[in-house]
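What follows is a short report on a single structure.
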Amino acid sequence: MLAAVLDEYGLADAEVTMETRFTEDLELESIDLVTLSGRLRERWGEHVNFAEFIADMELDEIIGLTVGRLVGYVVDRLQSAARG
């Protein structure tokens, strides 16, 4: 999903690791995170709610958000959903 968003901006070849920051490293803006959020919701429905994920974050946390932190959230939510 992230690759699709990056491809839209010609960044398909960007190296992405768990430490990659969305804003500082990939230069994604808030609208890009909204796009990614929509893709997550399309794929996993309410199990992965990006808005809920960032709701309690401070602005500097959102700006410093890493791929790894988002991946951790998605994995946790999907595991919780699987447990019922």
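Readers should treat all values here as calculations from the given coordinates under stated rules, not as data from a laboratory. Only a predicted model underlies this, so the values are computations on that prediction, with no experimental measurement involved. Because the Cβ atoms are built from the backbone with ideal geometry, glycine has one as well, and the counts that use them run over all protein chains shown.
Here are a few things to note about the model shown:
- Considering residues of region 30-51 that are exposed (fewer than 12 other Cβ atoms within 10 Å of the Cβ) and charged (D, E, K, R) only, the residue farthest from residue 5 (Cα to Cα): 46
- Residue within region 10-29 that is in a helix (DSSP H, G or I) and free of Cβ contacts under 8 Å to residues at least 60 places away in the same chain present: no
- Counting the residues of region 53-75 that are among the charged types (D, E, K, R), more than 15 Å from residue 22 (Cα to Cα) and either surrounded by 12 or more Cβ atoms within 10 Å (Cβ to Cβ) or in contact with a Cys (Cβ under 9 Å, 6 or more places away or on another chain) (or both) gives 0.
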